[in-house]
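Reading through the structure tokens given below for one structure.
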Amino acid sequence: MSAPRPSCHEMLRSLSDYLDGELEAEICAAIESHLAECENCRIVVDTLRKTITLYHQYSEEDLELPADVRSRLFKRLHLEDFLNSPR
Ligand SMILES: [Zn+2]
């Protein structure tokens, strides 16, 4: 027998650890088999994963802000002249 499949509730409780890659392989496998059969949890995981990816992008790669965010930031800092300067 494989490990018992987690319920949605147990799933969601372990989710942040799962997304951080901090769970044991056996528990990850149980979660993945739950996700394969449970669309609701799959949507939650997808959303969280995207949010976490965005969060990492903003917190670790300050120089890689999307162009529109950067341009708003520059305007706020009155750097639009710099932003629009000819190459
Ligand atoms: Zn579920």
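The values are calculated or read from the model by the stated rules, or taken from the named source; none is laboratory data. It should be emphasised that the depicted structure is a prediction, and the values quoted were computed from it without experimental measurement. The accessibility values were calculated without ligands, DNA or RNA, using every heavy atom of the protein model including side chains. Shrake-Rupley method; radii C 1.70, N 1.55, O 1.52, S 1.80 Å.
Report the accessible area of residue 42, computed with a 1.4 Å probe over the heavy atoms of all protein chains in place, in Å² rounded to the nearest 10.
Accessible area of residue 42: about 90 Å².
Order 8, 28, most accessible first, counting only protein heavy atoms with a 1.4 angstrom probe.
8, 28
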